[in-house]
Amino acid sequence: MTDVTNGEYDAFLEALAAGEGYYRVCENGHGLLPPRRACPHCGDRNLTERDLPSAGEIVTHTTVSVPTPQFEDDAPYVTAVVDFGGVRLTGVVRGIDQTAVEIGDRVTATVESNETDGERTIVFRPAE
Ligand SMILES: [Zn+2]
């Protein structure tokens, strides 16, 4: 069971799209992203909201050539996990040649439509 509601996730995507991404941190210092109502690590519900740093670093990346149906027209594409200093976010990398994506690349997070059905998705683009 997860207590991330769609409404909460949508609100997070809207804030991220507006350049006002945020995350939550519990009293034990666990960073929560996407934001949740309770810490999945310790169950703490006393969460503080913080601004998401404008850029993070790619920690892992994968090229997807056989996607799920929702991303059929997007393939091949690169997904990455990006560390924003204690919190991590997963999304699709754009604006970097797929063979050139490297661990340690600095990227910013934003929200764009996917090619397949126009659904909003988290996208990483190279940081300035
Ligand atoms: Zn916690």
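Every read-out reported here was derived from the displayed coordinates using simple, explicitly stated rules and does not represent laboratory data. Everything numeric here is computed off the predicted structure, so don't read it as measured data. We place every Cβ from the backbone using ideal geometry, glycine too, and count neighbours over all the protein chains shown.
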The stretch 113-119 - phi-based ³J(HN,Hα) in whole Hz, Karplus 6.51/-1.76/1.60, Gly and Pro as x: 7, 7, 6, 7, 10, x, 5
Given Val87, Thr116, Ile103, which one lies farthest toward the positive end of the charge dipole of the stretch 79-128, if we put +1 on the Cβ of every Lys and Arg and -1 on the Cβ of every Asp and Glu? Val87
Length-normalised contact order of the chain in % [C-alpha pairs under 8 Å, at least 6 apart]: 21
Given unit charges at Cβ for Lys, Arg (+) and Asp, Glu (-), the dipole magnitude of the stretch 1-83 about its Cα centre in debye, nearest 20, is 300
At 222 nm, what helix-only mean residue ellipticity would the chain give, in deg cm²/dmol to the nearest 500, using -39500 (n - 2.57) for each DSSP H run of four or more? -3000 deg cm²/dmol
Looking at the chain as a GNM with Cα springs under 10 Å, which of Pro35, Pro53, Pro69 has the largest mean-square fluctuation? Pro69
Rg/Rg_globular for the stretch 1-96, with Rg_globular taken as 2.2 N^0.38 Å and Rg from C-alpha atoms: 1.18
Distance between the C-alpha centers of the stretch 34-83 and the stretch 102-128? Whole Å please. 10
Which of Ala15, Gly29, Val66, positive extreme of dipole for the chain (C-beta unit charges): Gly29
